[in-house]
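Here's the structure we're looking at; comments come further down.
The values are calculated or read from the model by the stated rules, or taken from the named source; none is laboratory data. Just so you know, these numbers come straight off a predicted model, no measurement behind them. When we count neighbours, we look across all protein chains shown, and the Cβ atoms used for this are built from the backbone with ideal geometry, even at glycine.
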Amino acid sequence: MYINMTILTYLSTIYPDTYNTIGIGIGFILSTFIFVVSSYNKRGIREGNGEASYQWISRIVSNYHAIFISVTSTLFLLCTALQGGERTIYELIFELDSIPRPLWLNQIWYLFLGISSGYLFYDLMLVIVLLNRDIGTITHHAIVAPFLVWLRTDYPIYAAIGMLSEISTPFLNACWFELHRDYPNRGKLLHLSYLLLVTYFIFRVLLFPYICLMSMVKEEHYAVPLCIIVALLNIYWFYRLLLKSRSMKSILDQPV
């Protein structure tokens, strides 16, 4: 027990940016490793031209990242809420960042955020080198990167809340996988699209206006435009998802 506490005390003295830098390296290397391994093990991956195959593999890596950061964000938020003891709903919603946390918990979260940032760099490199420089993805990463840096530096608790948006990603990728199979399962695709719409609405459309509100409350004026842009993009993409889901449902309802 004494040895464990000594280790935690030592780790708590390390500067937060060190954890973040280590995490970025781990995230980039691990994401690249999974991509390379999946490239050689293509069971279940539909054959096609190079870019189509890379799309499949990139979405597999995307799922691993989404599950990792969703679980770690949830655990960080739960640990923070438990540290607060008996708090009102208002305090948990609007004053969550004021709850004191053990330093080691913050350091671990910096490491996890670094891993997520490393995945972001990997994905950006993948888009530029292999996926035909998709403007939408590059723009998305260009907006998210400074937004993530601001949250990590000043309000790690809201970075965790923002990362909950990744909960919808596995359902998005699952719909894409099913649509690109030779013989899609209609019932499975319909259920996945419903799950996607529900999780996207809760964890992206509803969540980011809350982060915008908190950035205004905290008087972080330079972050407000970034928050608003991300929130508006989420609303736009949700609208696009609704249109696509509606057209897909009409196609699935047609007799085979």
Next item on the list: Identify the single condition in (1) farther than 23 Å from Cys227 by Cα; (2) at pLDDT 90 or above; (3) of a type in the set (A, V, I, L, M) that Val198 does not satisfy, given that it satisfies every other one.
Entry: (1)
Check: Which one of the conditions (1) modelled with pLDDT under 95; (2) buried (at least 20 other Cβ atoms within 10 Å of the Cβ); (3) of a type in the set (A, V, I, L, M, F, W, C) does Leu213 fail to meet, given that it meets all the rest?
Finding: (2)
Notebook entry, point to check: Is it the case that the range 222-244 has a residue that's surrounded by fewer than 16 Cβ atoms within 10 Å (Cβ to Cβ) and modelled with pLDDT under 75?
Noted result: yes
Notebook entry, point to check: Filtering the range 80-94 down to residues that are among the small types (Gly, Ala, Ser) and assigned to a loop (DSSP other than H, G, I, E, B), which residue is surrounded by the fewest Cβ atoms within 10 Å (Cβ to Cβ)?
Noted result: Gly85
Notebook entry, point to check: Looking at Ile115, is it farther than 16 Å from Ile157 by Cα, under 20 Å from the mean Cα position of the chain (by Cα), in contact (Cβ under 8 Å) with a residue 40 or more places away in the chain and surrounded by fewer than 16 Cβ atoms within 10 Å (Cβ to Cβ)?
Noted result: no
Check: Is it the case that Met125 is modelled with pLDDT of 90 or more and either closer than 24 Å to Val36 by Cβ or part of a helix (DSSP H, G or I) (or both)?
Finding: no
Check: What do you reckon, is Ile67 closer than 24 Å to Val127 by Cβ, assigned to a helix (DSSP H, G or I) and in contact with a Ser or Thr (Cβ under 6 Å, 6 or more places away or on another chain)?
Finding: no
Check: Of the numbered conditions (1) closer than 30 Å to Gln55 by Cβ; (2) among the charged types (D, E, K, R); (3) touching a helix residue (DSSP H, G or I) at 6+ places or on another chain (Cβ under 6 Å), Asp123 satisfies every one except a single condition; which is it?
Finding: (3)
Checklist line | Candidate set from the range 146-160 (those that are hydrophobic (A, V, I, L, M, F, W, C) and either more than 22 Å from Ser62 (Cα to Cα) or buried (at least 22 other Cβ atoms within 10 Å of the Cβ) (or both)); member that is modelled with the highest pLDDT | finding: Ala160
Notebook entry, point to check: Which one of Leu172, Leu241, Leu233 is part of a helix (DSSP H, G or I), aliphatic (A, V, I, L, M) and touching a His at 6+ places or on another chain (Cβ under 8 Å)?
Noted result: Leu233
